[in-house]
Every structure is written in structure tokens, then in C-alpha cells.
1. When the dipole is taken about the Cα centre of the chain, and only Lys, Arg (+1) and Asp, Glu (-1) are charged at their Cβ, what size is it in debye, to the nearest 20?
2. HN-Hα J couplings of region 58-64 from phi, Karplus 6.51/-1.76/1.60, θ = phi - 60°, integer Hz, Gly and Pro as x?
3. Computed over the Cα atoms of the chain, what is the ratio Rg over Rh, Rh following Kirkwood?
4. 7 Å from Cα along Cα→Cβ at both Thr139 and Asn159: what's the point-to-point distance in nm?
5. How much length, in nm to one decimal, is gained on full extension between Thr71 and Val32, taken as 0.36 nm per residue of separation minus their Cα-Cα distance?
6. I'd like to compare 55-61, 133-139, 123-129, 30-36: which one has the highest average count of other Cβ atoms within 10 Å, and what's the full order after that?
7. Calculate the FRET efficiency for Ala180 and Leu82 from the Cβ-Cβ distance with a Förster distance of 30 Å, rounded to the nearest 0.05.
8. Please work out the C-alpha center-to-center distance from region 58-98 to region 160-204 and express it in whole Å.
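The values are calculated or read from the model by the stated rules, or taken from the named source; none is laboratory data. Since the model is a prediction, treat every value here as computed from it, not as a measurement. We place every Cβ from the backbone using ideal geometry, glycine too, and count neighbours over all the protein chains shown. Just so you know, the surface numbers come from the protein's heavy atoms only, side chains and all, with ligands and any DNA or RNA stripped out. Shrake-Rupley method; radii C 1.70, N 1.55, O 1.52, S 1.80 Å.
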Amino acid sequence: MATRDYGLMIGMMIAIFLASFVSADPDLLQDVCPADMASGVKVNGFPCKNNAQAADFFFAGLANPGLTNNTFGSIVTQASVLQIPGLNTLGVSMARIDYAPGGLNPPHTHPRATEIVFVLEGELDVGFINTSNTLFPKTIKKGEVFIFPRGLLHFQINNGKVPAAVIAAFNSQLAGTQRAADALFGSTPPVDDVVLAKAFQIGTDEVEKIKSKF
Ligand SMILES: *[C@@H]1O[C@H](CO)[C@@H](O)[C@H](O)[C@H]1NC(C)=O
């Protein structure tokens, strides 16, 4: 093998080695970088604003339960870089999720983060589905934690008779959330009925019926 080929091989091995560690948000290059949401500059994340203040790192929005009087009987209150500018470049965020009795946080994925939830109140039936379509189901109650690996579909439902709540943490400043049903049946412009009819092996009339709810 020529010396040049060895160089290429070593380069590729180093690249693979590094790639295996870049599994969450990129590393930071300064102490802090509170997001400047008003800046027109496009970067990976947000540009830094000047004069960071303690207020940039504070959020009181998870203190109280969110309102669960909606179709699904659950509400996610985010504590991401969009609510807390100081999180910009730091690679973490949180959320609080409240569930009425019967409330569901419908199947969704977080493309940029693994999630770990801690049950504040009540009891939940949760699960994630791996890429071989194995469901990992679990009932979790107050004080317990469960993990939803990055990118995998998951859900939580409160089958109890009292409200439930969790605190969720993510290894991304902005985990992103894609709800399966909303994405497929509620996109703009809409996904063709024929695509959904074939994918779900139902009629286009049934597709239309589902679409009308999203
Ligand atoms: C999904 O989980 C099942 C059960 O643990 C396992 O057999 C399968 O290999 C997993 N699939 C992947 C892609 O990890």
C-alpha cells in the first residue's frame, strides 16, 4: 500500500472516531453565548448577543402545571433555547409535560436529542419503538425515570385517574419535535392521499377523514 493510501486510511479512521462522539449539539467555543433572536445572521444555532445577564439563564415557566384542556389532554411546556436565550450553544434543555387523566402525548420523535423524563406526579404508560419495530413499554410512577433514545418514536399516556406530570431533559438546546400523525396528516402542503392510503393500507376516504382532524 502506498504511503498516500495509509494517510487516507488514518484520516478516515480519525473522522469516524470523531463522528462517533459528535452525538449531540456541537461543543461550545466560549463561556456563554445567549441567543440573539433579533439577529438576521444565520448560523448553526443562534448568534451571541452582547452583555449576558443572569436573566438570560433563568426561566420560571416550568413551576406550574400547563393547561391540559385540549384534544389530547396533555401539554408540553418547553424550556429550550427559544425560552431561555442562555441555553444557546450549551447542548441541553428541558420541558414539563402535564397530562389530564386519560391524557396522551401522541407518538413523536426528537431528531436532535435523547430525552430523559422524571415523573413529578402520577403514573404514566410510556414506550419507544426501535427501528426494528420493537416496542419498549413501561409503566412509570412518581420519582422514576425513563429514557427515549434520540430519533426514536415514543409516547406517554396517563391511564390513571389523577393528573400526571413529568420533567423532561434533552441533550440539545432545541431537541425538535415531530409528531407522526400531525406530520403525515397535517402537513402544508398536504401529503398526497394516495401516498397515505397506500402507506396505511386504507381508502383515500379514510385518509381524508383523518386529515380533517389535523
Ligand atoms: C430492537 O429491539 C429488539 C429487542 O431488544 C432487538 O432484537 C433488535 O435488534 C433491536 N433493533 C435494533 C435496530 O437495534
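1. 100 debye
2. In residue order, the calculated couplings are 10, 7, 9, x, 9, 5, 10 Hz.
3. Reported Rg/Rh, Kirkwood definition of Rh: 1.05.
4. Distance between label points: 0.7 nm.
5. Once the chain is fully extended between Thr71 and Val32, it gains 10.1 nm.
6. The packing order, highest mean first, is 123-129, 30-36, 55-61, 133-139.
7. Computed FRET efficiency for Ala180 and Leu82: 0.85.
8. The distance from the Cα centre of region 58-98 to that of region 160-204 comes to 19 Å.
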